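Just below is one structure, and these are the notes that go with it.
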Amino acid sequence: MYRYRSYIWLFLIALSAQLFILNNLSLSIWLRPMIFSAAVLLLPVEWRTVWVLVTAAAAGWTLDMATGCQGLYTASLLPLAMVRGAIVRLTANRSVEPSDQTEVLVSLSRKQLFIYLAAGIVLHHAMFFFLETMSFTFFWQTAGRIFAGSALALALVWPGAAWFMSNESSGQ
Amino acid sequence: MYRLFEFIKRTYVVLLFLLLEAVALNRYASSTAYTQAKILSRTSAVTGAVDGAVSSVKHYFSLSEENRLLTRRLAMTEARLAAMRESEQGAAMLSIDDLLLPDTLVPEWSQYQFHTARVVASSTDRPRNFVVLNRGIADGIREDMAVVTPDMKLVGYIVSCSERYSVVLPLLNTTFRTGGRLASGNHYGSISWDGLSPYRITLGELSKYADIDRGVPVMVYSERFPEGILVGYVEEYALNSAQTAYTATVSVAADMSSLYNVIIIENTHYGEIEALIDDADKRF
């Protein structure tokens, strides 16, 4: 049985940190971490995709409304919610079935979880920055922003994600 | 309907994703001028490529119609060309525009009337050659009218006319006489033919003070002809035995053996000039 309250807090903390702290920081043009994608990535993989889509759409819409980005956050987050299961299968070599009785993410090793998170965050940053530029003219500059933003986001997310998953594991 | 529901039930997650993504992208695309321009340029490129492909396919299927039209047009052009060739050969009427008249002659032409004609018979192998034209009295042709080639080279002048034909006394006739003037000056002499070579005539009685040289053009000097009618070019020249005048051999400019279309030139003042000369001859 999932502990929905912890996931709600996870969502609130991730969105608040993104909205009130990271979006207001002007570190560098190369450093624009987006940690809210981790909230979608850490949702139970066994959830029905339709609820993950709705959750991602709600989170994206909230950020769009708050930042005036008019759909950019939503458009970049929805694909991540759609391919989350595929990322798990590719990075952790685990099949995901709706009938799973144990949480797949909780059962992953630290390394598998890290790779899964890294892949998801990079994918989300790539979607976000290429949608933002809408051009491949400055491909390598965009790729640099994706790499730097993803690295910083992963560095910020990883300790919290590892702690959250150990709590989930101990709570099961 | 049942299959439709089954299809939606199987794919509703993907459909929901596409719907939400489309709504988000649509909002984002219309949010700023930059995104609008980018989307427009991308969609224009796509629609342009599609339109180009469709246009190519349509063009391919319309080639047969284009081919039919081109073939029809080619047939019409060929028919017109054949008609023009027949007209050119049959009528033997030349356009004045085709004569390539020298500009210097234009003011002089005002007293001259032009007629075109076609040679129906001619000879060059006898001492007294004649040329017969297909124009006669009915066409306004009279004696003493000048006859030249289309490129303004001397042929002769008309000596006899019937209702539909006329006879030309060409320069290749031993009785032919007319005046000739060197293009290098105003000295003139008398042109005649000795009956030997159809390519050479004689310019005699030319003043010993004339500026003569080989290759100098010889022009007609006669009231029958307008200015600028070419007779030929000086080949050889020598003073006569009395050392008073030059006698020059002149190569004939016109190809007398291949005459076909000719121009008949009428000097409308010729009768007046001749009457004055006759009157003076009688009085003095």
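If the condition is being within 14 Å of chain B (Cβ to nearest Cβ), surrounded by 14 or more Cβ atoms within 10 Å (Cβ to Cβ) and not in a helix (DSSP H, G or I), then the range A:5-63 contributes only A:Trp47. Scanning the range B:237-284 for residues that are within 19 Å of B:Leu206 (Cα to Cα) and either acidic (Asp, Glu) or assigned to a strand (DSSP E or B) (or both) returns B:Tyr237, B:Ala238, B:Leu239, B:Ala245, B:Tyr246, B:Thr247, B:Ala248, B:Thr249, B:Val250, B:Ser251, B:Val252. What are the residue pairs meeting all of these: first residue in the range B:242-267, first residue at positive phi, second residue not in a strand (DSSP E or B), Cβ atoms under 8 Å, and 6 or more apart or on different chains? Correct list of pairs: B:Gln243/B:Lys208. Determine whether the range B:38-48 contains at least one residue that is at the interface with chain A (Cβ under 9 Å from one of its Cβ atoms) and either in contact with an Asp or Glu (Cβ under 8 Å, 6 or more places away or on another chain) or in a loop (DSSP other than H, G, I, E, B) (or both). Scanning the range B:38-48 turns up no residue that is at the interface with chain A (Cβ under 9 Å from one of its Cβ atoms) and either in contact with an Asp or Glu (Cβ under 8 Å, 6 or more places away or on another chain) or in a loop (DSSP other than H, G, I, E, B) (or both). Filtered by the rule that a residue be of a type outside the set (Phe, Trp, Tyr), more than 8 Å from every other protein chain (Cβ to nearest Cβ) and surrounded by 19 or more Cβ atoms within 10 Å (Cβ to Cβ), the range A:64-80 gives A:Ser76, A:Leu77, A:Leu80.
For the range B:19-37, how many residues are more than 7 Å from every other protein chain (Cβ to nearest Cβ) and either closer than 17 Å to A:Arg48 by Cβ or crowded, with 18+ Cβ neighbours inside 10 Å (or both)? Number of matching residues: 2. The residues in the range B:155-172 that are under 27 Å from B:Tyr199 (Cβ atoms) and in a strand (DSSP E or B) can be counted, and the count is 11. Set side by side, the residues B:Ser184, B:Ser222, B:Ser166, B:Ser160 differ, and just one is farther than 18 Å from B:Tyr270 by Cβ, of a type in the set (S, T, N, Q) and at pLDDT below 95, which is B:Ser184.
The number of residues in the range B:138-182 that are loosely packed, with under 14 Cβ neighbours inside 10 Å and among the hydrophobic types (A, V, I, L, M, F, W, C) comes to 1. Just wondering, is there one or more residues in the range A:150-167 that are farther than 17 Å from A:Ala14 by Cβ, part of a helix (DSSP H, G or I) and either within 14 Å of chain B (Cβ to nearest Cβ) or at pLDDT below 85 (or both)? Yes; the residues of the range A:150-167 include at least one that is farther than 17 Å from A:Ala14 by Cβ, part of a helix (DSSP H, G or I) and either within 14 Å of chain B (Cβ to nearest Cβ) or at pLDDT below 85 (or both).
The values are calculated or read from the model by the stated rules, or taken from the named source; none is laboratory data. This structure is a prediction, so every number in the text was calculated from the model and none was measured. In this analysis, Cβ positions are derived from the backbone assuming ideal geometry, glycine residues included, and neighbour counts consider all displayed protein chains.
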